[in-house]
1. For residue A:274 and residue A:168 in one chain, what is 0.36 nm times their gap in residues minus the Cα-Cα distance, to one decimal in nm?
2. Give the lysines whose C-alpha is closer than 29 Å to that of residue C:47, dropping any in the same chain fewer than 8 places away, or say none.
3. Looking at region A:4-136, I'd like the Rg to Rh ratio, where Rg is from alpha-carbon atoms and Rh is Kirkwood's inverse mean 1/r.
4. So how far apart, in nm, are the two label points at residue A:249 and residue A:218 if each is 7 Å from Cα heading toward Cβ?
5. Taking residue C:297 as the anchor, which aspartates and glutamates have their alpha carbon closer than 19 Å to its alpha carbon, excluding any fewer than eight residues away along the same chain?
6. What does the highest-first list of B:24-34, A:219-229 look like by mean Cβ count within 10 Å?
7. Which shape class, rounded, prolate or oblate, goes with region C:1-74 when its Cα gyration tensor gives a ≥ b ≥ c as root eigenvalues, a/c under 1.5 marks rounded, and past that a/b bigger than b/c marks prolate?
8. Across the residues of C:440-448, average count of Cβ atoms on other protein chains within 10 Å?
Amino acid sequence: MTQSHRLRRSLLYVPGNMPSMLQNIPVFQCDVCVIDLEDAVPRSEKDAARLLSRRFIEGYTQRNKEIYVRINGLDTPYFRDDLAQILPALPDGVRLPKCETPSDLRRLDDLLTEFEEYLGCEIGRFKIIASVESAQAILNVNEIARASERLVALGFSVEDFTANLQIDRPKTGEHLVVPRQLLLMACRAAGIQAIDTVWADTLDQEGYRRECEHIKVLGFDGKSLINPRQIDILHEVLAPKPEEVDYALQVVDAIKGAREQGTGVVSLGGKMVDAPVVARAVRVLLAAKSLGLVDTDIDESVIYGDMAS
Amino acid sequence: MRINKKAQAGTMQSSDLMVFIEPADDLVIEVESTVQKQFGHLIEARIKQVLKRLAVERCRIAVSDRGALDYAIDARVETALRRAS
Amino acid sequence: MSKNSLGREIPETWGGRALRPYRDPFSIQPEGPRAARPIQRVNPGDKKLLGSLREAIEASGLRDGMTIGAHHHLRNGDLVLNSVVREIAALGIRDIGIASSSVHPVHEALIPFIRDGVITRIECGVNGQISRMASTGQLDIPIITRTHGGRARAMMCGDIKVDVAFVGAPTCDDYGNICASRGPSACGVVGYSHSDADYADCVVAVTDNLVPYPAHPISIPQTKVDYVVKIDSLGNPAKIVSTTTRVTTDPIGLQIAKYASIVIELSGLLKNGFSFQTGSGGASLAVAANVRDMMRKQGITGSFGAGGITGYFVDMLEEGLLQALFDVQSFDLKAVASVARNPAHIEMSADMYANPFNAGCVVNKLDCVVLGAREVDIHFNVNVNTESDGTLNGNTGGHADTAAGARLAIVVAPAIRARLPIVRDEVTTISTPGQTIDVVVTERGVALNGPYQALEPELKRRGVPVKSITQLRDEIYAITGAPRPIEFTDRIVGLIEYRDGTITDVIRQVKI
């Protein structure tokens, strides 16, 4: 349903019209790459970018990360061609910019269903990550977060948001605590992941690190990135603490133990272990593995055998 | 596909190629590449593949290549042909 | 023709010399005593300072068929070699060989003199059009490329006989004391010229900064210098040294540097007393930056940094992370300034640096070296001399020397450069034999050679994509397609000589 066990700490935007960047996607160590057909591509090159991205994705068969494509907004004349060209290449999903209302999301959901039928794919195969970029969108965020089963995460995009609010974009972030928390609460309530905005000043790595620490405190699952140099710092800051890793290992043990005993209910320390706890434990262990903190491979089929949700 | 007008696609950046299409009475393919000696044969083969797939039998196509991989050659040639049709 | 141990065909003779095919990195033994230079006498009152380059050439006794020496510390800003050759030509002297330490694009001004037969041999690596044109048959000039250590060895053994060395001297007095770290054309050190000073029959110091006697600090002493000449300018300072050398910001370069740093960290060599050397390319400097950070974090005090010295290493010296720097060539202004004022920043001759036939050179004490590459093959052989189109363009420098000496030799290179696979079945030219290369690091995979394969599990645990070199080649070829091999004629236009005087490879003329 929500794929909440997938690690989506780092979502790197890659311009859709640049072969030199696209072909390095397999090399980048981020969790997700978002191929951008929107802001990174001028109008006159939208057709070129679609085809280039499509051919690249088609050739990228041994995937080591998720691939999303940021289509143009539903208020532009481009999004339909974006979907028609890109979806046959079978990316993991679509990143929707400027999602204002839940009906935007439902509209995209319906379109994706049409394409899945046309392509003969499993319905629900294409996922959505939507970006919330305006004051109104933040106020609608609770409904947006529940508007589609394809939605795996909501992203917060600050550039347009601060323009919308008619404020400066502060590097310290205190003006943005409320919208960030609203987004986060909506995501948690809906059981999806919360992704923070890009940090645009690639030369200010100190300020970037501070923002990563800030959003970790707030509880964000990941962050959108515009430069591969930003990946390592983010992963380091979001690294699970040793206590979290230990707990996650205990959760996995508890599940294995319950399976061996044939019981459907898993408990740990007197508390029931439910799906969100499992999802979190999986993410913690994936993150720990990626940072070399644990050796164990996470056998998802063992974990999800009876707990599919 | 019929080629009706001039068109181009791509950029001069490293790992990319520029494709120039013109209407013509027959099929003329010109390739200039930074890796001509090592990959000229593969580049030309790829271009011909795209022309065949799109059923283009007559045009003048000039390619200026900066070490693009096959998927990019594919995409840029097709984009240029579509823009020219 | 016979095959050397690397499988390359080497002729029995070339250019009137008998050639020895490469065997292995360490077993060839030297024979005989050092080469000698004539002894002379200079009495009180004798004057060494001459009025012009022309006078110096005449006084030196340079004749048709002889060889001149020079250095490339002034790199692409050098005016000395071109000026000297112009005067030689004006005097009607011909058939001269150039035994510099390296030739650069600025020396393309020599092409007319080559065509005219004034210059007929080059015994050093060449960067630029001269060697590319020799490769395509447009210029007829045999080129022998040596390593820095190999040049010192060749002069010591008499394989090269330099009749007259013209040593660019950033500061000099009227008696020939050469100081490299001061003056408008300061280049920090004249590491390559120490061999010329020891073995050339006649040494001429060419300076643009004549100072009252005595010049100091002394790089090359008056006892080895026969004449002194002042010219207007040794070179263009902006092109002699870069203002700064920068760590790369390219994400691929940074990824490569990250993997290379983890290899160094896990090698067990990173502890007190650690010594290392890197190239001056952006990715190599990124590795240096990472190593510096690790040393800071772990409180490690290294012993020395060596080679071409950049500001990065100067910072490490001043911070106390290193005890000393051995400088054979200063790459930027920071290095030049440092060697002038810091006794722990030591000028090192090419002989001390890398000559395999002395009582022990500095590369023997190196823990780790980080090197670049144009191509690497599945036997870990490295090419730094020829371009992907088969043309000769590049000096081996200290590459083969440091790879042989260092306990851990790491090659860093992007897997693909504009469709060209860097890892391939066979390199176009073998500059450095694979037996001396331990690790190859690309952004798409890291390949380990010999005993270093033991690091594989630890590296994988740290997220480093360890692969066999053949697997790496396969993956890269799957992306780029297999390149057509370059076609060559049978005509040999140059040799790649290993540090011990044997030949690792030949350069053949490219078929157009």
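1. Length gained between residue A:274 and residue A:168: 33.9 nm.
2. Once the sequence-local lysines are set aside, what remains near residue C:47 is C:161, C:224, C:230.
3. Here Rg/Rh amounts to 0.93.
4. So the two model labels end up 3.3 nm from each other.
5. Counting by Cα, and skipping residues close in sequence, residue C:297 has these aspartates and glutamates nearby: A:206, A:232, A:236, C:265, C:315, C:318, C:319.
6. Values: B:24-34: 13.7, A:219-229: 20.9.
In descending order of packing, they fall as A:219-229, B:24-34.
7. prolate
8. Mean inter-chain Cβ contacts per residue within 10 Å come to 1.
Laboratory data are not the source of any read-out in this text; all were calculated from the coordinates shown. This structure is a prediction, so every number in the text was calculated from the model and none was measured. Glycine gets a Cβ as well: all are built from the backbone with ideal geometry, and neighbour counts include every protein chain shown.
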